[in-house]
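S.K.: This is the structure I have questions about; it appears just below.
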Amino acid sequence: MARYTASVCRLCRRENQKLYLKSERCFTPKCPVERRNYAPGEHGQSKKKISEYGVQLREKQKARRIYGIFESQFRRYFHLATKKKGVTGETLLNLLERRLDNVVYRLGFGGSRPEARQLVRHGHFIVNGRKVSIPSFLVSENDTVEVSSSSKDLPKMKRLVEIAKSRAIPEWLELDADNMRGKIARLPRREEIDVPIQEHLIVELYSK
């Protein structure tokens with residue numbers, strides 16, 4: 001399936017906020033959002049009045065770009081969320097957080113979600129003792145995610161693990177950095193998901 005291959009910094013500028021898609025660069029003065037705080041393109045600096053639909057659409061696009069998934073896949077997550085008990089918007093974010101590439105990122109084994117996705121695709125991680133190379137794989141409570149034995153000695157993985165030791169790990173995850181292993185202690189609560197998304201706007205958009 002085709003993927004977005006242009007500059008990811010343009011996506012952050014389009015949403016007018018950092019989506020942290022570029023690893024270390026997002027934390028430096030070189031971040032384009034800080035240098036050019038307006039939308040990309042010829043009319044990026046022009047002021048436009050956004051309709052209610054436009055606000056809802058931008059929120060959905062922002063969520064898609066943060067988690068790096070296409071429209072058809074995002075819509076499937078939404079339909080799955082509507083079939084589960086609880087608040088649909090919160091259930092949707094819960095499903096997105098349970099993606100393996102996101103869990104790898106949250107554990108600190110990837111500097112960004114795109115980097116974590118690439119590492120998963122290349123087969124660097126094991127879930128419950130089995131190699132999984134599908135970024136959209138949904139983890140469950142008590143699952144373990146660890147770096148495969150053949151990847152533990154790679155300089156890149158060692159560097160990422162050292163960075164992970166200094167990062168704040170969500171309370172729903174447990175990290176054993178020395179053994180390059182993490183565990184899903186429980187499923188995340190809404191207040192523990194720190195993405196800048198107003199999920200009720202997405203629900204309103206898809207409910208029309």
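Any read-out appearing in this document is the output of simple, stated calculations on the displayed coordinates, not a laboratory observation. This one's a predicted model, so the numbers in the text were calculated from it and none came from an experiment. Ideal geometry is used to build each Cβ from the backbone, glycine not excepted, and the neighbour counts take in all protein chains shown.
S.K.: Where the centroid of each part is defined by its Cα atoms, how far is region 163-194 from region 98-112 in Å?
M.R.: Cα centroid to Cα centroid, the span is 9 Å.
S.K.: What's the ranking of 112-118, 128-134 by average number of surrounding C-beta atoms within 10 Å, highest first?
M.R.: Answer by packing, highest mean first, reads 112-118, 128-134.
S.K.: Can you tell me how much longer the chain between Lys48 and Leu154 gets when fully stretched, taken as 0.36 nm per residue apart minus their C-alpha distance, in nm with one decimal?
M.R.: Here the segment from Lys48 to Leu154 would lengthen by 33.3 nm.
S.K.: Could you size up the charge dipole of region 99-184 around its Cα centre, putting +1 on the beta carbon of Lys and Arg and -1 on that of Asp and Glu, and report it in debye to the nearest 20?
M.R.: In debye, rounded to 20, region 99-184 gives about 340.
S.K.: State, to one decimal in nm, how far the label point of Tyr206 lies from the label point of Glu191, with both points 7 Å from Cα in the Cβ direction.
M.R.: Each label point is offset 7 Å from its Cα along the Cβ direction, giving 2.5 nm.
S.K.: Taking amide hydrogens as modeled 1.01 Å from N in the peptide plane, which residues meet the under 5 Å criterion relative to Phe125, leaving out close sequence neighbours?
M.R.: Here the answer is Val132, Ser148, since their amide H atoms fall under 5 Å of that of Phe125.
S.K.: Could I ask something else about it? I'd like to compare 61-71, 136-146: which one has the highest average count of other Cβ atoms within 10 Å, and what's the full order after that?
M.R.: 61-71, 136-146
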